Each structure stands twice: as structure tokens, then as C-alpha cells.
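Novice: This structure is in C-alpha cells; I'll ask about it shortly.
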Amino acid sequence: MTKTDIMNEFATPELEVLKEMPALGHDELLEFFEKTGAIQYGHFILTSGRHSDTYVQCARAMESPRLTVFLGEQTLKKVPDEILENVDLVVSPAVGGITFGFAVAYALGRDFIFAERKEAKMMLRRSFTIQPGQKVLIAEDVVTTGGSVKEVEDLVKEAGGEVLGVVSLIDRKTDKKFSSPYWGLLEFDAKSWEPEACKLCAEGGEPQSLGSRTLS
Ligand SMILES: [Zn+2]
């Protein structure tokens, strides 16, 4: 088997397989995220300092590589075929987007790279490149305002590439900073309150502190 044979066998878009696959509904997806611990209920202090009765930690949904690929497939089912057929490359912002981006690229049979911050600037390292004219799908785990996605979008455009769209596991349903078409697998908007207005504190509950950007 030559390298070309290997590339042809493993880097072929699986669009026909994707089309045949049933799509899970919102309730089934929500149950999946709850069962994996990606969505937890309780009384939490978010990194913003606000209190919430819900904790979203997407990494928990991706502890099983095979289930992660399944989630990638489910997400791609939301994206129109004419977009999927034209994607050359999947790009994710580090760190949260890497596992999901890999799964999306695997499901699509396309290459995957990630961008990361160095001294606060989002860039490609590890000799990753985006070629002029390459058509890119950006994959992120949770999109709230999409700040990191916007930075990757700019990076692709600077390299002469074209962003065909953005996908994520969870869409927090807030206004987005980026302009590309967007599809989120699960729309999920958890409520949060300033500490003095927290209904759980008012009931005498003790909040739990957790550290992650995705909490905000
Ligand atoms: Zn509270």
C-alpha cells in the first residue's frame, strides 16, 4: 500500500454515510449531554462571578472518542450538503475546539489543523498552513459570543482561505462576533444571575466554584 493509497482510503468524504444516518432530536441530545456530565445542574459560581443553576463542560461529552465522532457526525447533519461537499480543511481554536474539530474532520474525511494563542494573538504554529483558496469549516466546542471563532475566521482570511461556515457542539444563543454561516448541534442557554440576585443563594444554598472560560 502506497502513501497515496492510504490517503485515498482514509481521506474520502463520508457524505453518503452521513446522509443515511438518523439525526437525534433536541431532547435526545440534551439527555446525552446530561448523562456524560457535559451539562450539570446545581449551584455554581461562573468565571464571570455570576451564579447559575447549570454548569456546561463540553469536554465531558468528548471523553469517548467514538461518541465524539458520533457528535461530529450529528453536527454535520445540520450543515447543507453544498457546504460539506466543498470543505477542504477543518480548523479549530485551541484548546476547547481541538477534540471536536478532529472528530468533525474525521467524520468528513478531511484534514484538520488548529490555531492557538501566542502572547494573546491567535496564530498557526507547528508548521500548520492554510493555502490561498482553501475552503475551511471552523469547529469549536461551545460558542457563546464566538470571540475565538472570529479570530480564526480572520486568520483564515489573512491566509487567503475562505470560511464556508462554523460548527459547534453547543450554541449558547447569544449574539455572535463572527459573520460566517453557523450551525450548532445543541442550542442551550443556561440562566445566570448576579450573586445578590441569585435565587439559590436566597434559599440558603452554598455555591460551588469551578474554573473554566466556558462557564461564563
Ligand atoms: Zn448563588
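Novice: Is there any pair linking a residue in the range 188-212 that is free of Cβ contacts under 8 Å to residues at least 60 places away in the same chain and more than 15 Å from Tyr41 (Cβ to Cβ) to one that is within 8 Å of the ligand (Cβ to nearest atom) and assigned to a loop (DSSP other than H, G, I, E, B), with Cβ under 9 Å and at least six apart or on different chains, and which?
Specialist: Matching pairs, first to second residue: none at all.
Novice: Search the range 110-126 for residues that are closer than 19 Å to Phe100 by Cα and aromatic (Phe, Trp, Tyr) and pair each with any residue that is modelled with pLDDT of 95 or more and in a strand (DSSP E or B) when their beta-carbon atoms are under 6 Å apart and the residues are at least 6 apart or on different chains.
Specialist: Phe112/Val90; Phe114/Ser92
Novice: Answer yes or no: is there a residue in the range 185-199 that is away from the ligand (no atom under 14 Å from the Cβ) and at positive phi. Walk me through how you get there before you give the answer.
Specialist: Filtering the range 185-199 down to residues away from the ligand (no atom under 14 Å from the Cβ) leaves 185-189.
After this cut, where a residue has to be at positive phi as well, the list is none.
Checked the range 185-199: no residue is away from the ligand (no atom under 14 Å from the Cβ) and at positive phi.
Novice: Run down Lys78, Lys35, Lys19 and say which single residue is free of Cβ contacts under 8 Å to residues at least 12 places away in the same chain, charged (D, E, K, R) and surrounded by fewer than 22 Cβ atoms within 10 Å (Cβ to Cβ).
Specialist: Exactly one of Lys78, Lys35, Lys19 is free of Cβ contacts under 8 Å to residues at least 12 places away in the same chain, charged (D, E, K, R) and surrounded by fewer than 22 Cβ atoms within 10 Å (Cβ to Cβ), namely Lys35.
Novice: Tell me, which helices (runs of 4 or more DSSP H) wholly within the range 4-113 include 1 or more residues that are farther than 30 Å from Gln208 by Cα and among the aromatic types (Phe, Trp, Tyr)?
Specialist: Once the helices (runs of 4 or more DSSP H) in the range 4-113 are filtered for at least 1 residues that are farther than 30 Å from Gln208 by Cα and among the aromatic types (Phe, Trp, Tyr), what remains is 65-76, 96-108.
Novice: Then there's this: Can you confirm whether Ser180 is more than 28 Å from Glu73 (Cβ to Cβ) and surrounded by 16 or more Cβ atoms within 10 Å (Cβ to Cβ)?
Specialist: no
Novice: Return the only residue of Lys173, Lys135 being within 15 Å of the chain's Cα centre (by Cα) and in contact (Cβ under 8 Å) with a residue 12 or more places away in the chain.
Specialist: Lys173
The values are calculated or read from the model by the stated rules, or taken from the named source; none is laboratory data. Just so you know, these numbers come straight off a predicted model, no measurement behind them. A quick note on method: Cβ atoms are made from the backbone with ideal geometry, for glycine too, and the neighbour counts reach across all protein chains shown.
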